[in-house]
Amino acid sequence: MGFYLAQVLTGLANAGALFMVASGLSLIFGVTRIVNFAHGSFYMIGAYIGYTLMQVLPGAVGFWGAIILAGVAVGLVGLVVEMLVLRPVYKAPELFQLVATFGVILVIQDLALLIWGPEDLLGPRAPGLRGVVRIMGEPIPKYDIALLVITPFVALGLWYLIARTRVGVLVRAATQDREMVGALGVNQAWLFSGVFALGTALAGLGGALQLPKGGADLLMDFNILTSVFVVVVIGGMGSLPGAYLAAVIISVVNVFGVTFLPQSTLVLIFVVMVLVLMIRPFGLFGREEVAGEHGQVGEPETPIHPAGPRVRLLVAVGLVILAMLPLYGSSFSLVLATDILIFCLFAASLHFLLGIGGLVSFGHAAYFGGGAYVAALLVTHANSPMELAFLLAPFGAGLAALIIGWICIRLTGVYFAMLTLAFAQLLWSLVFQWGEVTGGDDGLVNIWPSEWLKASTTFYIFTLIFTVGGILLMRHVAHSPFGYALRAARDSERRAEATGINTKRVRWMAFTLAGVMAGLAGGLFVFSKGSVFPNELEIARSFDALIVVFLGGVKTLAGGVVGGAFFKGVEEILTRFEYWRLALGLLIIFVVIVAPQGIVGTLRNMFRRHVKDET
Amino acid sequence: MLEVDTINSFYGKAHVLNDLSFSVDRGQVVALLGRNGAGKTTTMKSIMQMVVPETGRVSFLGQDITRKATHKVAKLGIGYVPEERRIFTDLTVMENMEVGRQPPRDGAVTWTEDMLFDLFPNLAERRQNRGKALSGGEQQMLTIARTLMGNPSFVLLDEPSEGIAPVIVEQMVNVIRQLKADGLTVLLSEQNLHFAQAVADAALIIEGGETKFHGTLEELNAHPEIRDAYLAV
């Protein structure tokens, strides 16, 4: 009995930081409609700033003062980020806002590396709370008890602010109809900045509070993000009680998982999440996020057209130039071109899902890495020939997409996005933790193509055929009746259903096709590199693909491909520098603010303007 | 008090307002009449700068307000009561009114919740109810009450009689007359000519985003052909 109580208490203590980060994310989303990807980064710098302050400030007052100051400092950083990065993009398509926050993640990662160095920092222990208390004979750290007490107070304070004050009334009103709030004389810019600062301050506070339990390291940002998304999905976006309850559930399940099923803690959390979603699709306390509420409707979609003769000619010329590359390019350029082609196919598959299907997946790397692992596992464990393993890669990834898609397409919008990310993390942790089969962190090596494909020239041509084939197939599907149905479901789900389109099935199929194509790219990838590591499945890889699609332009068919080529090229140059993340992050933010149509969209607009001027 | 000077407004590529000009004097109740799609709501939104006119000028109390932020327009004393009501359905009646609260303003009535509950007795009984629990008529009253909490000197009322019960329409007529007696200036868009006739001093008829008639209601009544051309269904 004492043992179970101790487990529950530990779970409740762990829920504190998680709740603070999740409620901050929820608040920010409610008012600004931005899913702040960088929220984990604010949590991370909260921990780092708290650590530094604790070194400087003495004693118990210093310790608690450092935690509060860390929250305030992070809130100020959040304020600056909101004003510099987000304010210019509130009117941009919401997908661009996501990319902007991803740019912020990269910048913060490198700044943290620059300031605090690469070593993990061990959090100082709280003065006066070093020992344990025995409850029914079980040792419970005193600091856990402190957290247990503090968290409900923070939650109550937050609830009071939102439920009982004028600021809270304005925040809730803006969550529903921000344009109307403006028409009643409330300065939205001020409200947005305030909410963003408050939300990030909560994340910073969470980061600093968990220092004595977890310390500070550079992986904290992505590590917390999955848990936070799971909490928000379970609790319901925008609900404070939901965030609290879900944080408690997740933390308690986690603590019991560590004790009884140490290998599958993450799986357990996902089981809980899927169960909740089966019963309440918008979380325990959430409500459906209605797209296109007042003041939140974007520009209507421009219909896509099959390429005209000029573009076709251009593409044909481009393909000829690519096919002839072995004749004039160096062997390095062949390897680089292979990389770029594979990445373009991966990006194009996400673009298909996102641009044509309107389904924003945050976890598309699951199918890219999944395909790569299917092939690698077959070669390693079943000794299967390369050709067979390569063919089965897209099938394996497609099967995963079929199963995950079946669950995910039940939800839409942010819930869909977070769920896809959560599943990608599930696959990642499976691969990462199941060392005997997948090699864990060491990956799988010696996965080379057959003799006839060994030469970099042949493999390049092989890659060219499959990537171009895959991209053309997706273009073809986009213009097929299925593509029309998919676009109809994207533009107006209800009207599409009224005309007899089974929107869920159409989306499910699109999700699966995108998975198959990403798996194909993964299969090509593993044989081009000869190895695969878990990082091909991780969040950062999914985000790479998202960035590429946005950079290229969501609303243009060529967006994925052009963005992919551009991104790989830039990455190739930037990764030679030590602080390439910083540079890439700033570049992304710059592009988002200056060219919100993406590369293809911006070029097209320039071309149109040019044509208009002439006539 | 309000000057709209040759404005052109667009929704994307659709040209909705075409060189529209008119003015409203202090203390007047002007009815903006026209069929569906004539540009009545866009006129209102163009005054609020929720739709920013591409060309032309809107000025209020002699001050150019074109391209100003919407909240600044509201702060100058223009209250906006939108067509689709747009109350905050998750907030209570009291909270909805709180969102509209602004500091007192010279030359305008300073409203309190109690004064508004006198004006709209139905709302008084429902002050702790959420917006979504209200009837259509109650929601309409709440939008007006919410806007009045900002102590405006000028109010834009977009189709206040639309979709509500006749008995409530009757009540609205009385409310608008009372607001006028308090010195409030009103621009009211309507499709219901009877409603407009019951409250307005002047009428402005638009069609295709252009002014077709501007004059007193007596003048309009003297020219039934105008009414038939632009208002008859």
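Its relative contact order, with pairs defined as Cα atoms under 8 Å and 6+ residues apart, puts the range A:342-552 at 45 percent. Start at zero, step by 20 Å, and the Cα-Cα distances of the protein assembly as shown spread as 14, 41, 33, 12, 1 percent across the bins. Distance between the pseudo-spin-label points of residue A:56 and residue A:319 (7 Å out from Cα toward the beta carbon): 6.2 nm. Ranked for footprinting exposure by Cβ neighbours inside 10 Å, fewest first, B:106, A:177, B:5 give B:106, B:5, A:177. Fewest neighbouring Cβ atoms within 10 Å first, the residues B:66, A:458 line up as A:458, B:66.
R0 = 30 Å: FRET efficiency of residue A:333 with residue A:382, Cβ-based, nearest 0.05?
0.30
Using the Cβ-Cβ distance between residue A:167 and residue A:495 with R0 set to 22 Å, the FRET efficiency from 1/(1 + (r/R0)^6) comes to roughly 0.05.
Mean residue ellipticity at 222 nm, helices only, chain A: -24500 deg cm²/dmol; runs of at least 4 DSSP H residues each add -39,500 (n - 2.57), and the sum is divided by the number of residues. Dividing the summed -39500 (n - 2.57) terms of all DSSP H runs of n ≥ 4 by the residue count of chain B sets its mean residue ellipticity at 222 nm at -10000 deg cm²/dmol. Whole-Hz Karplus values for the range A:433-449 come out as 8, 8, x, 4, 8, 9, x, x, 5, 6, x, 10, 10, 6, 10, 9, x Hz, taken residue by residue from phi with 6.51 cos²θ - 1.76 cosθ + 1.60 and θ = phi - 60°; glycine and proline positions read x. Sorted ascending by nearby beta carbons within 10 Å, beginning with the fewest, A:607, A:432 become A:607, A:432.
Report, as a whole number in µm² per second, the diffusion coefficient that Stokes-Einstein gives for chain B at 10 °C and 1.306 mPa s using the Kirkwood radius over alpha carbon pairs. Don't skip to the answer; put the middle values down first.
On the way: Rh = 17.9 Å.
Here the translational diffusion coefficient equals 89 µm²/s.
Roughly speaking, what is the centre-to-centre gap between the range A:22-83 and the range B:197-228 when only Cα atoms are used, to the nearest Å? If you average the Cα positions of each part, the centres end up 60 Å apart.
Fully extended, how many nm does the chain gain between residue B:216 and residue B:54 (0.36 nm per residue separation, minus their Cα-Cα distance)?
The span from residue B:216 to residue B:54 would gain 55.4 nm if fully extended.
Across chain A, the mean sequence separation of Cα contacts (distance under 8 Å, 6 or more residues apart), normalised by length, yields a relative contact order of 20 percent.
Could you grab the relative contact order for the range B:2-230? Cα pairs under 8 Å, six or more apart, rounded to a whole percent. After rounding, I find 28 percent. With θ taken as phi - 60° and the Karplus curve 6.51 cos²θ - 1.76 cosθ + 1.60 applied, the whole-hertz 3J(HN,Hα) list for the range B:216-229 is 6, 5, 4, 4, 5, 5, 6, 10, x, 5, 5, 4, 5, 6 Hz, x standing for glycine and proline. Let's test the formula: R0 of 35 Å, r as the Cβ-Cβ distance of residue A:274 and residue A:458. What FRET efficiency results, to the nearest 0.05? After rounding, the FRET efficiency stands at 0.20. Model label points for residue A:307 and residue B:63, set 7 angstrom from Cα along the Cα-to-Cβ axis, are 5.5 nm apart. As a ratio to 2.2 N^0.38 Å, the alpha-carbon radius of gyration computed for the range A:342-552 takes the value 1.00. Tell me the label-point distance for the pair residue A:267, residue B:201, using the 7 Å Cα-to-Cβ offset, in nm and rounded to one decimal. Taking the simple label geometry, residue A:267 and residue B:201 are separated by 7.9 nm.
A short reminder: the numbers here are calculations on the coordinates, not readings from a lab. Because the structure is a prediction, the values reported are computed rather than measured. Ideal geometry is used to build each Cβ from the backbone, glycine not excepted, and the neighbour counts take in all protein chains shown.
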